[in-house]
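Just below is one structure, and these are the notes that go with it.
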Amino acid sequence: MPDNIFHKHMIIRAEVSHPIDSEKELKKWLRNLVKTIDMNIVGGPYAKYVAKEGNRGVTGVVMIETSHISIHIWDEEDPSLVQCDVYSCANYSTAEVLNQFRVMEPTKIEYMLLDREKELSCKKSHVHTHEPGVYYKI
């Protein structure tokens with residue numbers, strides 16, 4: 001396999017004070033994330049609000065030329081829950097991914113970074129907690 005191919009999978013779980021709650025805003029957020037991590041969109045972004053009780057919130061996905069980004073935001077609770085996956089065969093900055101969550105004012109962010117190149121291995125995991133009104137810093 002060429003040296004410039006990665007199999008980087010970032011799994012994020014965040015509790016946020018101001019969740020994105022519209023399809024239009026989530027699509028904008030996904031486009032901005034793709035641009036920020038220097039990737040290229042090949043499909044989407046797609047977003048749909050799910051109104052089913054207990055699973056209420058907006059779901060989105062964007063296909064990038066090196067794989068995909070998916071997210072679901074449950075907005076029924078306070079704080080709201082966000083689950084997001086960023087998978088790519090190209091390298092990207094995990095700090096830049098996490099910084100994109102600032103707009104939702106996270107109170108807690110947990111993430112794992114998996115390497116899926118030859119076998120599944122956890123390269124890093126971390127939990128950040130935040131006080132209300134404090135911006136997320138890496």
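The values are calculated or read from the model by the stated rules, or taken from the named source; none is laboratory data. Model, not experiment: these values are computed from the prediction. Positions of Cβ are generated from backbone atoms using ideal geometry, with glycine treated the same way; all protein chains shown enter the neighbour counts.
Is it fair to say ALA95 is under 13 Å from the mean Cα position of the chain (by Cα), surrounded by fewer than 18 Cβ atoms within 10 Å (Cβ to Cβ), among the small types (Gly, Ala, Ser) and modelled with pLDDT under 95? Break it down into steps so the answer makes sense when it comes.
Working: under 13 Å from the mean Cα position of the chain (by Cα): yes; surrounded by fewer than 18 Cβ atoms within 10 Å (Cβ to Cβ): yes; among the small types (Gly, Ala, Ser): yes; modelled with pLDDT under 95: yes.
The answer is yes for ALA95.
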Task: Residues of segment 73-86 satisfying the condition of being surrounded by fewer than 18 Cβ atoms within 10 Å (Cβ to Cβ) and within 13 Å of the chain's Cα centre (by Cα) - done: LEU81, GLN83, ASP85
TODO: State which residue is nearest to LYS108 (Cα to Cα) when the search covers only segment 23-40 and only residues that are in contact with an Asp or Glu (Cβ under 7 Å, 6 or more places away or on another chain) and surrounded by fewer than 16 Cβ atoms within 10 Å (Cβ to Cβ).
DONE: THR36
Task: Among the residues listed as ILE12, ILE20, ILE69, the single one being surrounded by 15 or more Cβ atoms within 10 Å (Cβ to Cβ) and assigned to a loop (DSSP other than H, G, I, E, B) - done: ILE20
Open item on the list: Please determine whether any residue of segment 15-25 is at pLDDT 95 or above, within 16 Å of SER88 (Cβ to Cβ) and under 16 Å from the mean Cα position of the chain (by Cα).
Closed with: no
Task: Which numbered condition TYR46 misses (of (1) within 21 Å of TYR111 (Cα to Cα); (2) touching a helix residue (DSSP H, G or I) at 6+ places or on another chain (Cβ under 8 Å)) - done: (1)
Open item on the list: Whether any residue in segment 40-60 is closer than 16 Å to ILE11 by Cβ and among the aliphatic types (A, V, I, L, M) is what I want to check.
Closed with: no
